[in-house]
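Worksheet: one structure, shown below.
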Amino acid sequence: MRISTVTFQNDALGQMETLQADLSKTQNQLATGKKLQSAAEDPAGMAQVNQLNVQLSASQQYVTNGNAATSNLTLEEQALSDATNVLQSARDLAVQANNSALSASQRQDIAAQLSQQLQDLVAIANRTDSNGNYLFAGKADTTQPFSQSGGSVGYFGADSVSQVQISANQRISAGDTGSSVFMNIPAGNGTFTTSVAATNTGTASISTGTVTDPSAWVPDTYSISFSSPTQYQVTNSGGTVVSSGTFSDGDAISFKGVQVTITGTPAAGDQFTVAKAGTASAFSTLSSLVTTLSSGTLSTAQLTTQIGGALEQVDAAITNLNNVSASVGARLNSITSSQSSAQSIQTNLQTSISQLSDVDYAAAITQLNTEELSLQAAQESYASIAKLSLFNFLH
């Protein structure tokens with residue numbers, strides 16, 4: 001086989017260019033710290049790295065989402081605690097007011113304190129985060145959720161909240177609506193409410209009552225009427241008598257699976273009402289209590305009944321706040337757990353990405369030395385062989 005001088009030179013130069021390209025690639029890897037410089041070098045490896053980077057970015061976003069939700073929920077938790085303290089203070093004042101020895105003036109002083117606590121509660125319900133967004137407005141977080149006009153407080157926020165993705169398969173509520181926290185609280189004992197007729201002339205008051213047999217309860221408006229201080233009958237909204245009997249001070253009256261206690265001496269013609277429970281707001285509870293204590297016309301029995309009902313309602317509002325607070329705590333725990341898991345996932349992803357794309361410096365330096373030697377040897381051998389020519393042997 002004959003090899004021409006041109007062929008020899010082209011082959012030698014091609015080999016040196018290949019060695020030079022390999023050396024340059026290794027030098028670039030050492031300079032950048034990256035083994036994969038382009039998809040063309042290792043399409044499958046680059047595809048894996050890209051997919052892992054997508055997963056890493058998503059995990060980091062979940063952590064960011066969790067941090068934002070934690071900030072809001074922590075602020076909400078503090079607001080709920082402050083609202084609970086306001087209602088507990090209002091309850092203490094209501095208990096203080098439920099004393100027949102107090103004068104009308106003293107009750108009005110308590111009413112003034114309760115009016116201030118109503119304003120405090122509205123202020124808490126209108127709290128914002130660091131960006132000025134309202135905590136209890138739901139998705140309408142740029143709209144002030146509560147507005148007070150006299151003793152009436154209205155809700156103008158949304159009835160749904162934003163859901164935040166904190167992991168690949170978990171979303172949580174980033175807050176709670178004002179309607180669920182402060183407004184839609186079951187009235188009375190949650191099943192029914194009780195009241196005293198404004199025209200009563202006796203001294204009897206009625207308790208908030210209890211449910212003794214839920215299956216027997218038929219939601220309706222019932223009237224307990226006294227034909228004499230010792231005789232009563234219970235009628236439904238259609239006028240049908242559902243129960244009747246004799247009465248003495250402190251007796252419990254039972255009908256339709258419920259029981260109420262009437263204390264004191266009713267007069268002939270006195271009436272008491274037992275009605276199915278609706279909902280009431282924490283604000284309306286305080287407002288009603290202010291109205292009750294400010295009145296100078298209510299009898300002792302009416303005061304006792306209305307204050308007793310307000311106490312029941314305040315307790316229901318506090319219970320609701322505690323339930324929401326427990327939910328907030330559970331969500332904060334979920335975020336903490338999710339972020340702990342995310343940190344572990346991110347570490348594993350970063351390790352996998354590094355293994356696929358980062359340079360092994362020890363191996364790369366060894367490879368660089370080998371490639372330098374190979375290129376140097378190729379250059380020296382080319383220089384030596386290129387001097388050979390037939391004319392060197394002709395004299």
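Structure notes:
Here is a yes/no grid of residues against (1) assigned to a helix (DSSP H, G or I); (2) in the same structural domain as residue 324 (by TED's automatic domain parsing); (3) at pLDDT 85 or above; (4) not acidic (Asp, Glu):
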residue: 22; (1), (2), (3), (4): yes, no, no, no
residue: 39; (1), (2), (3), (4): no, no, no, yes
residue: 51; (1), (2), (3), (4): yes, no, no, yes
residue: 85; (1), (2), (3), (4): yes, yes, yes, yes
residue: 88; (1), (2), (3), (4): yes, yes, yes, yes
residue: 107; (1), (2), (3), (4): yes, yes, yes, yes
residue: 111; (1), (2), (3), (4): yes, yes, yes, yes
residue: 116; (1), (2), (3), (4): yes, yes, yes, yes
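- Residue identified as among the polar types (S, T, N, Q), touching a Phe, Trp or Tyr at 6+ places or on another chain (Cβ under 8 Å) and in contact (Cβ under 8 Å) with a residue 60 or more places away in the chain among 81, 167, 115, 100: 167
- Among residues of the range 114-140, those that are touching a helix residue (DSSP H, G or I) at 6+ places or on another chain (Cβ under 9 Å) and either within 14 Å of residue 286 (Cα to Cα) or exposed (fewer than 15 other Cβ atoms within 10 Å of the Cβ) (or both), counted: 9
- In the range 201-226, residue surrounded by the most Cβ atoms within 10 Å (Cβ to Cβ) [restricted to those that are out of contact with any Asp or Glu (no Cβ under 6 Å at 6 or more places or on another chain) and of a type in the set (Phe, Trp, Tyr)]: 222
- Among the residues of the range 203-225, those that are part of a loop (DSSP other than H, G, I, E, B), farther than 19 Å from residue 312 by Cβ and at pLDDT 95 or above comprise 213, 218, 220.
- Where strands (runs of 3 or more DSSP E) fall wholly inside the range 249-320, the ranges with 1 or more residues that are among the aliphatic types (A, V, I, L, M) and touching a residue at least 60 places away in the same chain (Cβ under 8 Å) are 258-263, 271-276.
The values are calculated or read from the model by the stated rules, or taken from the named source; none is laboratory data. Since this is a predicted model, take the numbers as computed values, not measurements. Cβ: placed from backbone, ideal geometry, glycine included. Neighbour counts: every protein chain shown.
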